[in-house]
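Accompanying notes for the structure given below.
The values are calculated or read from the model by the stated rules, or taken from the named source; none is laboratory data. Here the structure is a predicted model, which means the values were calculated and not measured. Because the Cβ atoms are built from the backbone with ideal geometry, glycine has one as well, and the counts that use them run over all protein chains shown. Keep in mind that these areas ignore ligands, DNA and RNA; they rest on the heavy atoms of the full protein, side chains included. Shrake-Rupley method; radii C 1.70, N 1.55, O 1.52, S 1.80 Å.
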Amino acid sequence: MSIDKRDFDIIIWGASGFTGRLVAGYLFENYSHNKLKWAIAGRDSNKLNKIRNQYLDVKIPIIIADSFDKVSLSKMTKRTKVICTTVGPYAKYGSLLVESCVSSKTHYCDLAGEAQWIRKMIDLHHEDAKDNNVRIVNSCGFDSIPSDLGVYYIYKNISKKNLSIRMRVTGAKGTYSGGTYASMQNIIKEAFKDREVRKSLTNPYGLNPVGHQDGPDKRDLRSVKYDKRIKSWISPFLMAGINTRIVRRSNALSNFSYGKEFTYDEAVMTGKGFKGRLNGIFLSIPLMFLAAKPGSFFNKIFNIISPKPGQGPNKKERENGYFSLRFFVFQKDGNKSIYKVTGDRDPGYGSTSKMLAESAVCLAKDRLEENYGVLTPSYAMGDNILNRLIAKSGLTFSKIK
């Protein structure tokens with residue numbers, strides 16, 4: 001069936017999960033009166049009916065499929081222009097869905113922060129997706145839209161190549177999701193078992209096309225240090241491992257529009273003096289638990305205190321959350337500037353669900369550049385998604401000085 005004649009514009013896969021419900025709720029609140037045809041999908045009809053009855057409308061169609069059943073996935077993906085999925089860990093539940101979307105010539109967006117899995121999808125499906133005019137767009141939530149579109153926005157406004165950009169998290173309120181933690185744990189398990197996975201995860205250019213997997217950037221920050229250029233202590237940022245690689249892949253896919261000597265890194269900005277250093281150490285402690293070997297004492301402790309998939313903050317907590325990122329831009333001629341990206345909801349749920357929902361609508365309804373394959377948000381959707389994020393999702397992109 002032609003993509004223009006399909007039953008739906010968007011199917012939300014995993015709508016009975018916590019984040020999936022938020023995405024569905026966002027579409028219901030913002031697009032119910034628009035000419036958007038959408039449905040919710042999952043494997044449990046009882047859960048989907050409950051979500052529909054409590055938060056949506058009984059008229060919204062329900063589709064049943066299974067992550068490990070190719071036939072059911074094919075029947076689903078052939079009915080829609082876009083699959084929007086919140087079902088992770090993606091390395092465990094997402095591979096057959098991507099394969100089905102490529103075969104069905106259906107666009108796709110997700111919240112994947114699993115670099116090793118994205119690398120696998122690139123190797124398996126990038127060329128076929130290009131041939132089929134399909135956009136497979138990973139990392140459409142807090143990881144990695146603010147970073148990816150933040151750098152894209154800077155280059156639209158500076159129009160210079162080979163800059164050095166340092167993104168620093170200057171503030172955030174909210175919790176990371178149970179799904180994010182489950183995905184992180186899956187990454188660590190795979191890394192301990194597979195040398196090739198470890199190699200891919202430690203390469204700063206691990207998501208770049210083959211033949212372009214090197215450059216001036218080094219490994220992500222792993223300890224607290226003083227950043228002399230911004231005059232502040234910094235500590236490791238949990239999402240840097242995926243965000244930096246998505247930004248570098250955007251550069252490579254766009255024929256190095258940022259330049260081959262472009263450098264980029266991420267960290268949390270913790271302040272000056274002894275207090276700044278102490279803050280950095282304090283913020284690093286959870287990352288030590290998170291990175292602990294599976295089955296170890298620290299790993300077991302963290303499993304107990306961490307949120308489980310399907311759990312999340314209530315509406316008030318989501319609405320009281322926020323995030324603020326600063327991008328310190330250094331040019332070769334000595335000029336410096338600072339840009340900012342902010343979100344008006346907690347990053348892990350409130351803002352993420354809006355970013356993913358707008359990405360799905362963008363893929364379904366907007367006239368985009370003819371870029372196809374396994375892509376990044378900025379390369380797949382460019383100005384269209386940037387304008388949507390500013391107009392609808394509570395994100396701001398601005399120059400401070």
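Structural remarks
- H212 contributes an accessible area of around 70 Å² to the protein surface, as traced by a 1.4 Å probe with all chains present.
- Computed with every protein chain present, the accessible area of D57 is close to 50 Å² [probe 1.4 Å].
- Per-residue [θ]222 nm for the chain (sum of -39500 (n - 2.57) over DSSP H runs n ≥ 4, rounded to 500): -14000 deg cm²/dmol
- The stretch between S45 and N203, if pulled fully straight at 0.36 nm per residue, gains 52.7 nm over its current Cα-Cα span.
- Rg(Cα)/(2.2 N^0.38 Å) for the chain, N = residue count: 0.94
- Sequence ranges 156-162, 111-117, ranked by mean other-Cβ count within 10 angstrom, highest first: 111-117, 156-162
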